[in-house]
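Beneath this line is the structure, given in structure tokens, with notes to follow.
What follows is calculated from the coordinates using simple rules that are stated; it is not laboratory data. As the structure is a computational prediction, the values presented were derived from the model and not from experiment. Positions of Cβ are backbone-derived with ideal geometry, glycine not excepted, and every protein chain shown enters the neighbour counts.
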Amino acid sequence: MKQTGSPEARLSVSRPHPWFLLSMILTGIAAISSASILIRLTDAPPVTVATYRVTLAALLIAPWCAFRNRSTPLHWNGRVVALTLSSGAFLALHFIFWISSLSLTSVASSATLVSTAPLFVALFSFLFLNEKPSKKLQFGIFCAAAGSALLAGHDYSFSAEALTGDLLAVLGAIMASGYLIAGRFARQYLGLCAYTASAYGTAALILLPASLLTETPLSGFSGKTYFFLLLLALIPQLIGHTAFNWTLRFLSPTRVAILVLGEPLGATVLAYLFLAETLTIGKFAGLAILGSGILVSAMAMPSGKDSFDE
């Protein structure tokens, strides 16, 4: 993989034990899987949910970062700042495009199309980072995409409005790929705390004005809704996204994007357990294929091909 910046400025971090890396991945998948359940329990517009999610996460992580950064070296330069701000902007745009698509197209179409993020990560990594995915990784991506489509179901529409929503969902997937690729490079120069606080803060600074410009309400909700908005910031964002941002220091963005596809897998199981949603044969098959795709992709490349050279 091509590098950016001077090698001297990069953080020197030893590679974690594989079992610890696996535990962080599983923690991230479990945490982000709770997002759909928590969103279902809130009584607020989608953009409000996204705004609270990243804003509260940025505010909650800031004090810890202020303390941690006293002893952690920071390697800020123009390129690192640009990468970090770009990552936060991509995250905000991902939420804006994807959430907007939900009001125009079916949930099935939106969920399927936004799950194409690994395809764009692999494509952009090949075009701009000179990374060619192996045949095994390509097969894993195909299985993961097919499994996501089966999980989403067959509720599709071809009206002009629905097609606009589909396009927004694809844009959401592209923004998610940008978020992961920019984060991959930024994490080579910044510790987890500095990077996440900056990226989440940037996303919040974009989503807050967007909420005001679109006259999206940010107050007047019930105590229960505020409680679930707080849980969204704590669990899917602070724990889930931060766990995957940690793995970006050691894994390629393509593999991280595929691992993030564990979200619909986990969300389907949680919906079955806590919301009494039916687990049909099609969904069961989708779970099996998606899980297989994630497993194949995770094992597709030796670990040495993921990390930058230390």
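Stretching F284 away from L212 to a fully extended chain increases their span by 21.8 nm, per 0.36 nm per residue minus the current alpha-carbon distance. Rounded to the nearest 20, the Cβ-based charge dipole of the stretch 33-305 about its Cα centre (Lys and Arg +1, Asp and Glu -1) stands at 1060 debye.
Label-to-label distance, T164 versus A146, with points set 7 angstrom from Cα along the beta-carbon direction: 3.5 nm. Shown in residue order for the stretch 213-230 are the 3J(HN,Hα) couplings computed by the Karplus curve 6.51 cos²θ - 1.76 cosθ + 1.60 at θ = phi - 60°: 5, 8, 6, 7, x, 10, 8, x, 9, 6, x, 5, 5, 4, 5, 6, 5, 5 Hz (x for Gly and Pro). Sorting 33-46, 246-259 by their mean Cβ neighbour count within 10 Å, with the most densely packed peptide first, gives 246-259, 33-46.
If you take every residue apart from P236 with its C-beta less than 14 Å away from the C-beta of P236, what net charge results, scoring Lys and Arg +1 and Asp and Glu -1? Counting the neighbours of P236, the net charge comes to +1. Restricting attention to the stretch 33-305, lysine pairs at least eight places apart or on different chains and with alpha-carbon atoms under 25 angstrom apart total 4.
Kindly identify the stretch 33-305 as rounded, prolate or oblate by the Cα gyration tensor criterion: order the square roots of the eigenvalues as a ≥ b ≥ c, call it rounded if a/c is under 1.5, otherwise compare a/b with b/c, prolate if a/b is larger, else oblate. Verdict is oblate for the stretch 33-305.
Report the FRET efficiency, 1/(1 + (r/R0)^6), for S292 and S23, where r is their Cβ-Cβ distance and R0 is 25 Å, rounded to 0.05. Rounded to the nearest 0.05, the efficiency is 0.75.
Listed values for the stretch 53-67 are Karplus-derived 3J(HN,Hα) couplings in whole Hz (6.51 cos²θ - 1.76 cosθ + 1.60, θ = phi - 60°), namely 4, 7, 5, 5, 4, 5, 5, 6, 8, 4, x, 5, 5, 4, 6, and x replaces Gly and Pro. The simple spin-label model puts a point 7 Å past each Cα toward its Cβ; for Y226 and L123 those points are separated by 4.4 nm.
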